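Chemist: Sending over a structure as structure tokens; questions will come in a sec.
Any read-out appearing in this document is the output of simple, stated calculations on the displayed coordinates, not a laboratory observation. As the structure is a prediction and not an experimental result, all values here were calculated from the model. Cβ atoms come from the backbone with ideal geometry, glycine included; neighbour counts cover every protein chain shown.
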Amino acid sequence: MLEVSGLTSRYGRIEVLHGIDLAVRSGEIVTVVGANGAGKTTLLRCISGTQPVAGGEIRFRGDDITALPAYRRIGRGITQSPEGRQIFTNLSVEENLRLGAFVHGDARVDRDLEDAFQMFPILREKRNLNAGGLSGGQQQMLAIARALMGRPSCLLLDEPSMGLAPILVQQIFDVISTLKSRDVTVLLIEQNAFGALKIADRGYVMETGRITMDGAADELIADPRIREAYLGI
Ligand code: ATP
């Protein structure tokens, strides 16, 4: 579904991605794990079209989308839920969700809203409250639900577990693992390597702008190098 090859990107004159090769097949959950500053967010932004690509190619469903503007990538089914949630804290939960649906017509929005509330019952309870009053975990659920309102076929998630208490982290990973049954393909960027690999089919390890390992998620979890460097085992 998504194929990245030889991707490079830079901030000013400093190259931070040095030739990334990565593929995500339809229906998979694929994770990219790595330390702070490895370049994970930059990679995700290149895929969503919010960060310029210096070289290489991004293909989606066989089409070269490397030069396609971000809003047209959304139209093709790629949606990014950004790091730090970035919900509209002065709008209600429901208003935030409706904003996520602006890419398609009104007819489906009420049905999608109902779907979102079924998936996240807490959001139904709080639908009329300001989103700023939600807890961190609830805001993350809202960010994911809002991204799903655009009916993406490929969802890019940037550090959804960041800053959450352990019990909420598990809830968020549980929710992400259910997206498979909704035909959403997921590319998940995470510093929480263990949590991400546990729900992923495959994983990539990123270090200072390069992919250094990749494989089936269960093989990566079992790999002594990963266990030592990322899982603290
Ligand atoms: P984090 O988990 O902290 O977001 P990351 O793996 O997602 O880390 P990136 O945010 O992609 O990494 O950063 C990769 C490199 O690019 C880092 O060295 C970072 O300092 C640098 N960088 C990121 N954003 C910018 C920017 N706007 N301008 C200049 N350099 C940047």
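Chemist: Would you pull out the residues with amide H under 5 Å of R10's amide H, same chain only if 5 or more places away, H placed 1.01 Å from N?
Modeler: The list, which skips near neighbours in sequence, is V16, A54.
Chemist: If packing is taken as the average count of other Cβ atoms within 10 Å, what order do 75-81, 16-22 fall into, highest mean first? Present the calculation step by step, with values, prior to reporting the outcome.
Modeler: Values: 75-81: 20.7, 16-22: 19.0.
In descending order of packing, they fall as 75-81, 16-22.
Chemist: For E28, which sequence-distant residues (separation of 5 or more, or a different chain) have an amide H within less than 5 Å of its own amide H, given hydrogens modelled in the peptide plane?
Modeler: Sorted by chain and number, the residues that satisfy this are V186.
Chemist: Still on this structure, I have one more. Mind checking the dipole of the chain: about its Cα centre, +1 per Lys or Arg Cβ, -1 per Asp or Glu Cβ, Debye to the nearest 20?
Modeler: It comes to approximately 420 debye.
Chemist: Sequence-distant or interchain residues sharing an amide H contact under 5 Å with M213, placed H: which?
Modeler: So M213 has HN proximity to V205.
Chemist: What shape does the stretch 143-233 have by the C-alpha gyration tensor, where a ≥ b ≥ c are the square roots of the eigenvalues, rounded means a/c under 1.5, and otherwise prolate means a/b greater than b/c and oblate the rest?
Modeler: It is prolate, given that a/c is not under 1.5 and a/b is the larger ratio.
Chemist: Assign one of three labels to the stretch 89-178, namely rounded, prolate or oblate, based on the Cα gyration tensor with a ≥ b ≥ c the square roots of its eigenvalues; rounded applies when a/c is under 1.5, prolate when it is not and a/b is larger than b/c, and oblate otherwise.
Modeler: oblate
Chemist: With everything on Cα atoms, drop me the angle between helix 109-119 and the longest principal axis of the chain, reported from 0 to 90° to the nearest 10.
Modeler: Approximately 70 degrees, to the nearest ten.
Chemist: Let me ask something else about it. Working from Cα positions, state the angle (0 to 90°, nearest 10) between the long axis of helix 166-178 and the longest principal axis of the chain.
Modeler: Orientation of helix 166-178: about 90 degrees from the principal axis.
Chemist: Please turn the phi angles of the stretch 62-67 into ³J(HN,Hα) values with the Karplus equation 6.51 cos²θ - 1.76 cosθ + 1.60 (θ = phi - 60°), one per residue in order, whole Hz, x for glycine and proline.
Modeler: With coefficients 6.51, -1.76 and 1.60, one gets x, 8, 6, 10, 3, 9 Hz.
Chemist: I would also like to ask the following. Rounded to the nearest 20 Debye, what is the dipole magnitude of the stretch 1-125 about its Cα centre when Lys and Arg each give +1 and Asp and Glu each give -1 at the C-beta?
Modeler: In debye, rounded to 20, the stretch 1-125 gives about 380.
Chemist: Put +1 on the Cβ of every Lys and Arg and -1 on every Asp and Glu Cβ in the chain; which of G215, Y204, M119 then has its Cα farthest towards the positive end of the dipole?
Modeler: The residue sitting farthest along the positive end of the dipole is M119.
Chemist: About its Cα centre, how strong a charge dipole does the stretch 92-227 have in debye, to the nearest 20, once Lys and Arg get +1 and Asp and Glu get -1 at the Cβ?
Modeler: 100 debye
Chemist: Need one word for the stretch 6-140: rounded, prolate or oblate. Basis is the Cα gyration tensor (sqrt eigenvalues a ≥ b ≥ c); a/c below 1.5 gives rounded, then a/b vs b/c decides.
Modeler: Prolate is the answer for the stretch 6-140, as a/c is 1.5 or above and a/b outweighs b/c.
Chemist: Straight distance only, please: which lysines reach the Cα of K40 with their own Cα at less than 26 Å, same-chain residues fewer than 8 apart left out?
Modeler: K180, K198
Chemist: Can I ask one more? Once phi is turned into θ = phi - 60°, what whole-Hz ³J(HN,Hα) does the Karplus curve with 6.51, -1.76 and 1.60 give for every residue of the stretch 5-15, x standing for Gly and Pro?
Modeler: Going residue by residue, I get 9, x, 6, 10, 8, 9, 9, x, 9, 9, 7 Hz, with x marking Gly and Pro.
Chemist: Please find the FRET efficiency linking R111 to S177, where r is the Cβ-Cβ separation and R0 is fixed at 22 Å, and quote it to the nearest 0.05.
Modeler: 0.40
Chemist: Let me ask another. Antiparallel DSSP bridges in the chain: what percent, to the nearest 5?
Modeler: Details: 22 of 40 bridges.
DSSP beta bridges in the chain are roughly 55 percent antiparallel.
Chemist: When the gyration tensor of the stretch 21-74 is built from Cα positions, what are the square roots of 5 times its three eigenvalues, in whole Å, from largest to smallest?
Modeler: 18, 15, 10
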